[in-house]
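The values are calculated or read from the model by the stated rules, or taken from the named source; none is laboratory data. Quantities reported herein were computed from a predicted structural model and do not represent experimental measurements. No Cβ is skipped: glycine too gets one built from the backbone with ideal geometry, and neighbour counts run over all protein chains shown.
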Amino acid sequence: MVKIALILSALVVFIFLSQRAVAEETTIGLYLLNLGKFDVSTGSYTADFYLHLKCETACSSDFEFVNGRAASLDKIEDASNDKFYRIQANLNSEVDLRKFPFDSQKIEIILEDKKNTIEKLVYLPLLEESGIDKSIAFTGWEIRGWKAGSGEHHYPVYNETYSQYKFSIDITRVAVNSFIKTFLPVIFILMVVLFSFLLDPDKLTTRIGVAGSSLVAAVMFHVSITNQIPAVGYLTFADKFMVLSYLVLLTSFVVNIAMLQLQELRRQGLVEKIHKKTEYSVFIIVPMLFAVLFWFFL
């Protein structure tokens, strides 16, 4: 009985290994030649690349792009176990704008066979034939690196699992340009308000006018910033920066109004006291608030 059990166990293991061995391994190399404009409102972009498929027996050329469609596909080499293509594809990836305008994105090229499940076909990365051409100029973004790998994609509705090949490119916005275009105008608006605190209390009406007009200007500039990106269900870093700016501008407006009211009540001593405490301290407190914002939320 023991021998029969051992024979049956060995037979089960053999059958299992035989079934596993049926899966054809296809190694994929992808060399990226060019990237088109990345539209953050839709997450769409175009990619131009070479695709190399190598197989032990016969390669399946019946693949598709899970996150887009091929606009053109040219066969350069078409042997049974070695296929080489040049492809231009219209693709899209998920966009995360929480750290806008200092956000980083991951754009992907995802391949999957149309018919063969993972039991029949497995994709593996061919790293020595993968990469990104150095001549790529991706306007408005910096390419930080790339990664190639494979995974599984399960379809619960059909109870089928397919092997996937993923080529991902990490991109980030040019930090200096993003800072200048997004935050520098607001910083100048804040500086004008802060310097108004150096004016003597007899210029309170001027100070109130500066604070009020600066608040309106900040709101209008915030609107122009939000128009650069699609509507999202969360606050971006630019939104948080502007909320803090509103708080500073509104506080300065309220302080000046309070000082003017005290001046009309002829409480000049209290007005002078508030003026002395805020005249230079705002140049320390406000930068510290923004430093905390950048430290904890960026």
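Taking interchain pairs and intrachain pairs at least six residues apart, which have beta carbon atoms under 8 angstrom, with the first residue in region 197-213 and within 12 Å of L260 (Cα to Cα) and the second among the charged types (D, E, K, R) and in a helix (DSSP H, G or I)? What qualifies is P201/E272.
Considering I225, I171, the condition of being assigned to a helix (DSSP H, G or I), in contact (Cβ under 8 Å) with a residue 24 or more places away in the chain and β-branched (V, I, T) is satisfied by I225 alone. Among the residues making up region 142-196, those that are under 30 Å from E25 (Cβ atoms) and polar (S, T, N, Q) are S150, N159, T161, S163, Q164, S168. For V232, the conditions (1) surrounded by 13 or more Cβ atoms within 10 Å (Cβ to Cβ); (2) touching a helix residue (DSSP H, G or I) at 6+ places or on another chain (Cβ under 9 Å) are fulfilled apart from (2). Within region 84-105, which residues are in contact with an Asp or Glu (Cβ under 6 Å, 6 or more places away or on another chain) and either under 24 Å from F296 (Cβ atoms) or of a type in the set (K, R) (or both)? The answer is R86, L97. Regarding region 145-155, can at least one residue be identified that is buried (at least 16 other Cβ atoms within 10 Å of the Cβ) and touching a Phe, Trp or Tyr at 6+ places or on another chain (Cβ under 6 Å)? Yes, region 145-155 has at least one match. Does at least one position in region 177-188 carry a residue that is more than 23 Å from the chain's Cα centre (by Cα), surrounded by 14 or more Cβ atoms within 10 Å (Cβ to Cβ) and under 30 Å from R267 (Cβ atoms)? Within region 177-188, not a single residue is more than 23 Å from the chain's Cα centre (by Cα), surrounded by 14 or more Cβ atoms within 10 Å (Cβ to Cβ) and under 30 Å from R267 (Cβ atoms).
Which of the residues that make up region 145-168 are outside any loop (DSSP other than H, G, I, E, B) and of a type in the set (A, V, I, L, M)?
Just the residues of region 145-168 that are outside any loop (DSSP other than H, G, I, E, B), to begin with: 145-155, 160-168.
Passing the criteria: only A148.
Looking at region 244-254, can you tell me whether even one residue there is in contact (Cβ under 8 Å) with a residue 40 or more places away in the chain and outside any helix (DSSP H, G or I)? No, region 244-254 contains no residue that is in contact (Cβ under 8 Å) with a residue 40 or more places away in the chain and outside any helix (DSSP H, G or I). Pairing residues of region 69-80 that are surrounded by 11 or more Cβ atoms within 10 Å (Cβ to Cβ) with residues that are among the β-branched types (V, I, T), at Cβ distances under 8 Å and at least 6 apart in sequence or on separate chains, gives A70/I87; A71/T46; L73/I87.
For (1) hydrophobic (A, V, I, L, M, F, W, C); (2) on the phi > 0 side of the Ramachandran plot; (3) in contact with a Cys (Cβ under 6 Å, 6 or more places away or on another chain); (4) modelled with pLDDT of 95 or more, each residue gets a yes or a no:
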| residue | (1), (2), (3), (4) |
| --- | --- |
| G233 | no, no, no, no |
| K240 | no, no, no, yes |
| Y246 | no, no, no, yes |
| Q263 | no, no, no, no |
| R266 | no, yes, no, no |
| T278 | no, no, no, no |
| I285 | yes, no, no, yes |
| V292 | yes, no, no, yes |
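When each of S196, S163 is tested for being surrounded by 16 or more Cβ atoms within 10 Å (Cβ to Cβ) and more than 30 Å from R267 (Cβ to Cβ), the lone residue that passes is S163. When D239 is tested against (1) part of a helix (DSSP H, G or I); (2) touching a residue at least 24 places away in the same chain (Cβ under 8 Å), exactly one condition is not met: (2).
You will find that of F253, F237, the residue that is surrounded by 13 or more Cβ atoms within 10 Å (Cβ to Cβ) and within 30 Å of G43 (Cα to Cα) is F237 and no other.
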